[in-house]
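Structure first, commentary second.
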Amino acid sequence: MIVRKYRKHGHLKPEINLTSMIDVMSILMSVFMVTAPMLTTGMSIDLPKGGKTAIEGAEKAVDISIDKNGNIYIGKEKVLLKNLKNKLLFMLKQNPKLSIVISGDTKAQYGKIIEVMGDLKSAGFKKVGLKTQPPLKK
């Protein structure tokens, strides 16, 4: 804080130095602007149209995506089917209430989605859901 003396009246006028606070805020703003686009999770896939029911807690669930070529992703990280179970078991140890949402492309093989669901069931996951696109409103 800078204190200056008034020459006329002899009073002290307190002033707050905002320069350092503005520097910190500009750095924080630039960091958030750079990292915000990286926060989107999951792959870009064409979801099938489904009902109106939503999965409870889907916003906090782990998203497993299966694209039309049968590739499996956890978020944006591509994983092999043989490694999927171990990765998810590690996550389950960290959070026992972990829920899974499977996002399967409309052109993905049904067998691949069932294979992933079978692995999840054998690993002990109880909260597994399938993500769909909400139907168009008429």
* Go through segment 68-75 residue by residue and turn each phi into a ³J(HN,Hα) via Karplus (6.51, -1.76, 1.60, θ = phi - 60°); whole Hz please, and just put x for glycine and proline. => 5, 8, x, 6, 10, 10, 10, x
* Structure fact -> HN-Hα couplings for segment 97-102 via Karplus (6.51, -1.76, 1.60; θ = phi - 60°), in whole Hz with x for Gly/Pro, come out as 9, 5, 10, 10, 10, 9
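Order by neighbour count: Lys126, Lys76, Lys131, Lys85, fewest other Cβ atoms within 10 Å first, most last.
Fewest to most other Cβ atoms nearby, the residues stand as Lys126, Lys76, Lys85, Lys131.
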* Structure fact -> Amide H neighbours of Gly70 at under 5 Å, excluding residues fewer than 5 places away on the same chain, with H built from the backbone geometry, are Gln109
* Structure fact -> Pairs over 19 Å Cα to Cα, from Lys87/Lys126; Lys97/Lys121; Lys82/Lys127; Lys68/Lys97; Lys68/Lys126, come to Lys82/Lys127; Lys68/Lys97; Lys68/Lys126
* To do: Would you pull out the residues with amide H under 5 Å of Gly75's amide H, same chain only if 5 or more places away, H placed 1.01 Å from N?
  => Gly42, Asp63, Ser65
* Structure fact -> Put in order of increasing Cβ neighbours within 10 Å, starting from the fewest, Asp105, Asp119, Asp23 give Asp23, Asp119, Asp105
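No value in this document is a laboratory result; all are computed from the given coordinates. Only a predicted model underlies this, so the values are computations on that prediction, with no experimental measurement involved. A quick note on method: Cβ atoms are made from the backbone with ideal geometry, for glycine too, and the neighbour counts reach across all protein chains shown.
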